Protein chains: 2
Amino acid sequence: MGDSLATAELTRTERFLRACRGEPVDRPPVWLMRQAGRYLPEYRAAREGVTFLQACQDVERAVEISLQPLRLVGTEAVILFSDIFVPVLGMGVDLDFRPGPVIAEPIRTREQVEKLVVPDARAAVPYVFEILRRLRAALEPEAVPLLGFAGAPFTLAAYLVEGRGSKDFGTLKRMLYREPAVLRALLERLTEMTVDYLNAQIDAGAQAVQLFDTWAGLLGVAEYREWVLPTHQAIVRRLRRDRAPLILYVNGGAHVVDAMLESGADVLSLDWRVDFAAAARHVGRRAAVQGNLDPCALAAPPERIAAWVRELAEAGRAARGHVLNLGHGCLPETPAEGVRAFTAAARKLAQ
Amino acid sequence: MGDSLATAELTRTERFLRACRGEPVDRPPVWLMRQAGRYLPEYRAAREGVTFLQACQDVERAVEISLQPLRLVGTEAVILFSDIFVPVLGMGVDLDFRPGPVIAEPIRTREQVEKLVVPDARAAVPYVFEILRRLRAALEPEAVPLLGFAGAPFTLAAYLVEGRGSKDFGTLKRMLYREPAVLRALLERLTEMTVDYLNAQIDAGAQAVQLFDTWAGLLGVAEYREWVLPTHQAIVRRLRRDRAPLILYVNGGAHVVDAMLESGADVLSLDWRVDFAAAARHVGRRAAVQGNLDPCALAAPPERIAAWVRELAEAGRAARGHVLNLGHGCLPETPAEGVRAFTAAARKLAQ
């Protein structure tokens, strides 16, 4: 049976996994980063009366929140509702979500790094895997793909060293230039934790996983290659990618697309600032690409959103595969009708 | 007299202006963005007891602050101490500095845009030009170059629409997608104001001017070309560049270097995330470049800072000219000894 015949009957799971792996598809699949978020009234209702962390730990609630965008905005993949700092709870770090992570005692010394436990994720945060198992059971009959995710070591280290979010992460960068051995030890420990955590997610049913490096784009190219790329390469090497392709997202990473390529990730998730057509041509057969509409552009009229979707899909053909997505997560002020226009335009591509 | 002979006796002003214009020099000149800033105890002392705006309006004090880095950290150019929002005070906008600009009534409608006055800068903010005249008189005997500056229209519009600083400037971007005519009218008015303001600075003695587009890097390439590039081109066209070259800085602009080139600016000031060697080669004879050490890297040991300066100077030779600088302004936590190591290494390049 030829590919052109086979693709005519793809399930959402097949379309998604084929696009990630660079196999022929009828059209790009579509989902949105932070598709389960405050822009949905139903999300805000489900979050009422509980803290963010409680919502991540409450299996029923997290399953409900994860599934919301499937019916509400027509997404074609479901991603675990959680936070990149959830697995860090198992490392012996006293942290709070307000809503960003706030670390009671920021990690600044070798002694503190050595005290960090590399936990068995299955024992430390069992609810994460229970949420994934339930989601997989719910999605299997509909053949909708399930994604897991983790924060990348550099981004986790950025918060752990700084103590909280920051505009320029000056404390982290001072450590990088003044105490490189301490930062290296911290990144090694976080890489260990992340590999185990993502593999456990794959065991629990995640069919693809996304690695979010939110702050790595703050580094220049040389520093990125020295501090970030090796962590991505280690994760790519040790992940069970035969069972779940890896999507790598670097926020503000327009200057490091070449280094992202060298990670070996299956899919490069590109920030909205990246010229998608040029990047897809540049990447070519070496990887699939994901992206990359500016989430703010979902405020535009639906016909403009549809035109952008067609442009992105056309541009994405130059790469090995293409998953339609935003270039950053949905924002609280993103209009739900814009999200629906985005997924509807994707579904129309095959017609 | 050949250029090799002539460059042996360059004054700081000659070296700076020649580098901006792509004429032969013995070595790149050096200065630092936000070199007069909180990292200097002397700056903090001079700012005591007055608000930021008062310091900008107090001629004696602003002159003193502007000159501090010359003696204290060995910079080779002086830049006017002021704020990008100072000229906006003359437009009839009620704004406060806390310390970032906070707009009492954010500009969201065409009526509000039409009420904005395009002032005669000389009458609206006369102290700015008095500060420049005094600085020029103080610097002329020493042959140190004097820089003026302005915020670029898009960045001013970003604050005026949003009302204050923001992570993603969602309100501004919604206006861009939903009410493009209002944003276009606002940018036109701000461009008018900026041209007049910079030309008045040149008349008052500025020998070069820098345009700061702090937030333009938030746009994707297509949006940048539509909304930002035309404002830069209009300013380049109407500025008295025969009397003062224009330096264009776009924060987070690694993805728009080609569009920066098309502005026609004399010098492209590159963010620290840009691969400086690759960018200088790419720019070649089409422009001079400025940059681009990460300000956080000034926390490194002096010998590493010196090595980076040598690398940057070597890389900069591929462009038409090179001005050594950071890729972003000095931070409050920047060590003054790191700044001194940076300028000292620049001076050693000729030996």
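Screening the range A:26-95 for helices (runs of 4 or more DSSP H) wholly inside it with 1 or more residues that are modelled with pLDDT under 95 returns the ranges A:52-57. Within the range A:209-226, residues that are within 8 Å of another protein chain (Cβ to nearest Cβ) and touching a residue at least 12 places away in the same chain (Cβ under 8 Å) have Cβ atoms under 6 Å from residues that are of a type in the set (Lys, Arg) and in a loop (DSSP other than H, G, I, E, B) in these pairs: A:220/B:273, counting only partners at least 6 apart in sequence or on another chain. In the range B:328-343, which residue that is in a loop (DSSP other than H, G, I, E, B) and out of contact with any Pro (no Cβ under 6 Å at 6 or more places or on another chain) is nearest to the other protein chains (Cβ to nearest Cβ)? If we take residues in the range B:328-343 being in a loop (DSSP other than H, G, I, E, B) and out of contact with any Pro (no Cβ under 6 Å at 6 or more places or on another chain), then B:333 is nearest to the other protein chains (Cβ to nearest Cβ). Within the range B:111-128, being closer than 16 Å to residue B:203 by Cα, surrounded by fewer than 17 Cβ atoms within 10 Å (Cβ to Cβ) and free of Cβ contacts under 8 Å to residues at least 40 places away in the same chain holds for B:123, B:126. When you check residue A:204 against the structure, is it closer than 25 Å to residue A:16 by Cα, over 17 Å from the mean Cα position of the chain (by Cα) and of a type outside the set (D, E, K, R), yes or no? Here the answer is yes, as residue A:204 does meet what is asked. Residue A:1 passes every criterion in (1) surrounded by fewer than 21 Cβ atoms within 10 Å (Cβ to Cβ); (2) modelled with pLDDT of 95 or more apart from (2).
Scanning the range B:167-206 for residues being away from every other protein chain (no Cβ under 14 Å) and at positive phi gives a total of 1. Among the residues that make up the range A:262-272, is at least one of them without any contact (Cβ under 8 Å) to a residue 60 or more places away in the chain, surrounded by fewer than 21 Cβ atoms within 10 Å (Cβ to Cβ), closer than 29 Å to residue B:222 by Cα and within 14 Å of chain B (Cβ to nearest Cβ)? No, the range A:262-272 contains no residue that is without any contact (Cβ under 8 Å) to a residue 60 or more places away in the chain, surrounded by fewer than 21 Cβ atoms within 10 Å (Cβ to Cβ), closer than 29 Å to residue B:222 by Cα and within 14 Å of chain B (Cβ to nearest Cβ).
Inclusion of residue B:297 among residues that are closer than 24 Å to residue B:36 by Cα and not acidic (Asp, Glu) is warranted.
Among the residues of the range A:95-107, those identified as farther than 15 Å from residue A:156 by Cβ and in contact with a strand residue (DSSP E or B) (Cβ under 8 Å, 6 or more places away or on another chain) are A:96, A:104. Restricting the first member to the range A:179-192 and to residues that are closer than 14 Å to residue A:161 by Cα, and the second to residues that are outside any helix (DSSP H, G or I) and of a type in the set (Gly, Ala, Ser), the beta-carbon pairs closer than 9 Å and six or more apart or on different chains are A:190/A:151; A:190/A:152. Does residue B:235 count as in contact with a Cys (Cβ under 8 Å, 6 or more places away or on another chain) and in contact (Cβ under 8 Å) with a residue 24 or more places away in the chain? In short, no. Checking each residue in the range A:40-72 for being under 22 Å from residue A:344 (Cβ atoms) and in contact with a Ser or Thr (Cβ under 6 Å, 6 or more places away or on another chain) picks out only A:69. Looking across the range A:273-286, just one residue is surrounded by 24 or more Cβ atoms within 10 Å (Cβ to Cβ) and over 19 Å from residue A:310 (Cβ atoms), and that is A:273.
The single condition among (1) surrounded by fewer than 24 Cβ atoms within 10 Å (Cβ to Cβ); (2) polar (S, T, N, Q); (3) more than 12 Å from every other protein chain (Cβ to nearest Cβ) that residue A:325 does not meet is (1).
On the stretch given as the range A:230-251, residues that are within 14 Å of chain B (Cβ to nearest Cβ) and surrounded by fewer than 24 Cβ atoms within 10 Å (Cβ to Cβ) total 1. Taking residues in the range B:1-21 that are at negative phi, and partners anywhere that are among the polar types (S, T, N, Q) and at pLDDT 95 or above, the pairs with Cβ atoms closer than 9 Å and at least 6 places apart or on different chains are B:13/B:207; B:16/B:207; B:17/B:207; B:19/B:290; B:20/B:290.
The values are calculated or read from the model by the stated rules, or taken from the named source; none is laboratory data. Note that the structure is a prediction, hence the values are computed from the model and not measured. Don't worry about glycine lacking a Cβ; one is built from the backbone with ideal geometry, like all the others, and counts go over all protein chains shown.
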